[in-house]
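First comes the structure, then the notes that go with it.
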Amino acid sequence: MHFFKVPALLPFLVPSAIWRIRTSEKMIFLTFDDGPQPEVTNWVLEILNKYNANATFFCVGNNLSQYPQLALEILTQGHQIANHTYHHRKGWSSENQEYFHEIEKTQLIINNLYAQTTKEKPKHPPFRPPYGRISHAQLQWAKQMKIPVVMWSLLSCDYDPKLNCTHALKVLEKNIQPGSIVVFHDSKKAYYQLKQLLPKFLEYVVAQGYSFGLLSDLTPTSK
Ligand SMILES: [Zn+2]
């Protein structure tokens, strides 16, 4: 069973996180988690370019350290890089201090990447907790540090090798609305499913007249 849509209760349980963006414009927010990953991220950049779409890449710090050129490519092509911890840590089972260190270490790498380009770093750089799992104390810390915690409105479930892509696409198309934050993954695990989903999804939303926003002007309480 897949949960493409966020169960209605979750945003109430974690109200300080961002689950969608309030906007009157016909705009959605594409996000790609877990990269950068050679070949997969290159392919995603190519497809985004084809559809003139911008996206936010929630990158794992360790991958940024390994593939800095690919990370720079994301920025120079007009996208945004955001924080997804250094080792893809699960907040619920991590020591707080270690978890915070993972976020700070990754943010320094991201800041350094932005400094190598002409792109301005977001004033409040967004963070997405791996697996969407973050404890209350960790959320409080993020709030104090003025870090916007970004969850999602729609999950593509592209990481599941058993995914029925036709069904997934239908659910995404049916539920997309202005302000939706949609999650894909630029990871090896998701690549096969992503190749089937992403071009068709982009074709659909472009035909529907949507444009693509970046999560760059968030404040910790943007909703
Ligand atoms: Zn992740």
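Every read-out reported here was derived from the displayed coordinates using simple, explicitly stated rules and does not represent laboratory data. Small disclaimer: the values here were computed from a predicted structure and weren't measured. Virtual Cβ from ideal backbone geometry, glycine too; neighbours counted across all protein chains shown.
Here are the numbers for the structure shown:
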{"item": "Volume of the Cα convex hull of segment 19-212, divided per residue and given in Å³", "result": "116 Å³"}
{"item": "Relative contact order [Cα under 8 Å, 6+ residues apart], the chain, whole percent", "result": "35 percent"}
{"item": "Mean projection area, nm², convex hull over Cα of segment 165-204", "result": "2.9 nm²"}
{"item": "At least 20 Å along the helix axis (C-alpha) and Kyte average at least -0.5, DSSP helices within the chain", "result": "191-207"}
{"item": "Lysines whose Cα lies under 26 Å from that of K119, excluding same-chain neighbours fewer than 8 positions away", "result": "K26, K50, K105, K143, K146, K223"}
{"item": "Full-extension gain in nm, K200 to E46, via 0.36 nm per residue minus C-alpha separation", "result": "54.0 nm"}
{"item": "Hits among lysines - C-alpha to C-alpha of K189 under 22 Å, sequence gap 8 or more where chains match", "result": "K5, K90, K162, K170, K200"}
{"item": "Highest-first arrangement of 56-62, 26-32, where packing means the average Cβ count within 10 Å", "result": "56-62, 26-32"}
{"item": "Sites excluded, GluC sites (Glu not before Pro) in DSSP loops with at most 15 other C-beta within 10 Å, longest stretch of the chain", "result": "121-223"}
{"item": "Of P199, I109, C59, farthest towards positive along the dipole that unit charges on Lys, Arg, Asp, Glu beta carbons give the chain", "result": "P199"}
{"item": "Rounded if a/c under 1.5, otherwise prolate or oblate - segment 15-100, Cα gyration tensor axes", "result": "oblate"}
